[in-house]
Amino acid sequence: MELGLISLLPPLLAIFLAIFSRQVYLSLAAGLWLGYSILSGGNPAAGLRETVDALVSVLGSAGDARVVIFTLVVGALIAVMEKGNGVKGFIDWVEHKRWVNSEKSCQWLAWLLGLVIFIESNITMLVAGAVSRPLFDRFKVSREKLAYIVDSTSAPVCILIPLNAWGAFNVGLLQNLGDTSALQTFINAIAYNFYAYGAVLLVAVSIFFGFDFASMRKAQRRTQDGQVLWPGATPLVEPEVLAAAEEGPRPRARNMVIPIVAMIMMMPLGLYITGDGDLSAGSGSTSILWASLFGVAVAWIMLLTQRAMSLNDLMRHSLQGAGGLLPVALVLVLALALGDLTDSMGTGAYVAGAVGDFLPRPALLPVIFLVAGAMSFSIGSSWGTFAIMVPIAVPMAVALELPVAPFLAAVLSGGIFGDHASPISDTTVVASMASATDHIDHVRTQMPYALFMGGLSALAFFVVGLSL
């Protein structure tokens, strides 16, 4: 069905409400209700009934259900690694090795941890922050710099990896749009994810050459003068990444490292099995789910053989961890349902025709990037931005007979850009918590880096658009 201009109303309502209410869940639900009310002839009661049925239908799809379950399993894995003192053991191991002995080396450690722990953005920041914060204080590097480093190597790195909740979420969105090779499409888009690459690279350049923008430079001078925080600053409460060592199992680095490595190694094996020997033909959603379950199983077996936890403890912690990611699963279900709705209403095809007639092709990608960035900044959620923009941008590319990967990458880059700069983003808040710094100080010192790289990314998308 193609409804023309009316087909824009559901996503526009979701955007408007998300910006002004900052409630992504209710905004997506309201967009669904309006859309199905329109499809039901303007009957809001029938629209509500169809909305509920649409949400149920999402879980009726095997591929969608796998992605939702994967999200919960990742929560269980994080909790088991934390409660099993695997993260604490890793921290102790790094400190014992004394690999960090200078101002630059402690910054490189935080940067490298962000690269290698890519399963979930929050655990990336919490681990990197917990390991690096005492070292930053010891070598008089500002906590604002630590917050910037862990923030720039969490979501930007996670969005480049198919094997995590970020990849699964977007693969699920693509599958819901009818993309039969969704995983390959996501992989193809990685090459165009300019903001993610740029954010990570800019941190490395800043560390290597020792330069900082004005506000960060002032924070660094303050720290070298012996002031950890600005006078009157209020650091967010430091999170307890792990239970106290005396209250939990003996800290062992392998209790974190081995399950993560097992999970990573299981992913290509799953693709090989489900693709009958062809990795590119494998099922991404199935492989991701298998890998996460295998990681949890390995973690359970290790803790049981060490007699560090009982089955009851493992089950309790796993369920608590899964419950912690229920909000992510809810966003996923709502996002998949909204994708179904916009596809039914022909929203992407209409936007493609309207924008295609209005904008020159070289401007399409930078405009999509900037719109996604503004939306993510306003609502503080890159995932909410993906949920709204992917079902619009991908069908637009298909309707214009253009490659999908750059359009997908423009949405993903824009979502990360806005999220990175937003003071209400959960990742920005967690970065402040992990670094024990004042949240506003973190936002103020990180903003110039984000804007600088956002401008370069928009330019890069314009250059790519010239070849469309």
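The values are calculated or read from the model by the stated rules, or taken from the named source; none is laboratory data. None of these values were measured; they are calculated from a predicted model. Reconstructed Cβ throughout: ideal geometry from the backbone, glycine too, with neighbour counts over all protein chains shown. With ligands, DNA and RNA removed, areas are computed over all heavy atoms of the protein, side chains included. Shrake-Rupley method; radii C 1.70, N 1.55, O 1.52, S 1.80 Å.
Some notes on this structure:
- The orientation-averaged projection of the convex hull spanning the C-alpha atoms of the range 101-196 amounts to 6.3 square nanometres.
- Helix-only CD estimate at 222 nm, as mean residue ellipticity for the chain, using -39500 (n - 2.57) per DSSP H run (n ≥ 4): -25000 deg cm²/dmol
- Accessible surface comparison of GLU50, GLU144, GLU401, GLU82, probe 1.4 Å, protein chains only, largest first: the order is GLU401, GLU50, GLU82, GLU144.
- Cut-off 15 Å between beta-carbons: net charge of the residues surrounding LEU177, Lys and Arg +1, Asp and Glu -1: -4
- Rounded D (µm²/s) - the range 271-341, Kirkwood Rh over Cα pairs, Stokes-Einstein at 10 °C, 1.306 mPa s: 108 µm²/s
- Local electrostatic count at ASP441 - Lys and Arg +1, Asp and Glu -1, tallied over other residues with Cβ under 9 Å: 0
- Rg/Rh ratio calculated on Cα atoms of the chain (Kirkwood radius): 0.98
- Normalised by the number of residues in the chain, the average gap of Cα pairs under 8 Å and 6 or more apart makes the relative contact order 26 percent.
- Normalised by the number of residues in the range 131-221, the mean separation of alpha-carbon contacts (under 8 Å, six or more apart) gives a relative contact order of 33 percent.
- Taking 4 °C and 1.567 mPa s as conditions, the range 15-94 diffuses translationally at an estimated 82 µm²/s according to Stokes-Einstein applied to its Kirkwood radius (Cα pairs).
- Total formal charge among the other residues, if their Cβ is under 14 angstrom from that of ALA335, Lys/Arg +1 and Asp/Glu -1: -3
- Efficiency of FRET from Cβ geometry, ARG316 and ARG361, R₀ 45 Å, rounded to 0.05: 0.25
- Cα-based Kirkwood hydrodynamic radius, the range 416-468, one decimal, Å: 12.1 Å
- Fraction of alpha-carbon pairs over 17 Å apart in the range 143-185 - percent: 44 percent
- When a 1.4 Å probe is rolled over the protein heavy atoms, the share of accessible surface on the chain that falls to carbon and sulfur comes to 66 percent.
- Membrane-span-like helices in the chain, defined purely by DSSP H runs whose alpha carbon atoms cover 18 Å or more axially and whose average Kyte-Doolittle hydropathy reaches 1.0, are 24-39, 62-83, 194-209, 254-274, 284-305, 326-345, 361-379, 382-399, 404-421.
- Packing-based ranking, highest mean first, of 151-159, 187-195, 205-213 given that Cβ atoms within 10 Å are counted: 151-159, 187-195, 205-213
- Highest-first packing order for the peptide set 173-181, 39-47 is 173-181, 39-47, based on the mean count of other beta carbon atoms within 10 Å.
- Sorted on the mean count of surrounding Cβ atoms within 10 Å across their residues, most packed first, peptides 304-315, 26-37, 56-67, 448-459 read 26-37, 448-459, 56-67, 304-315.
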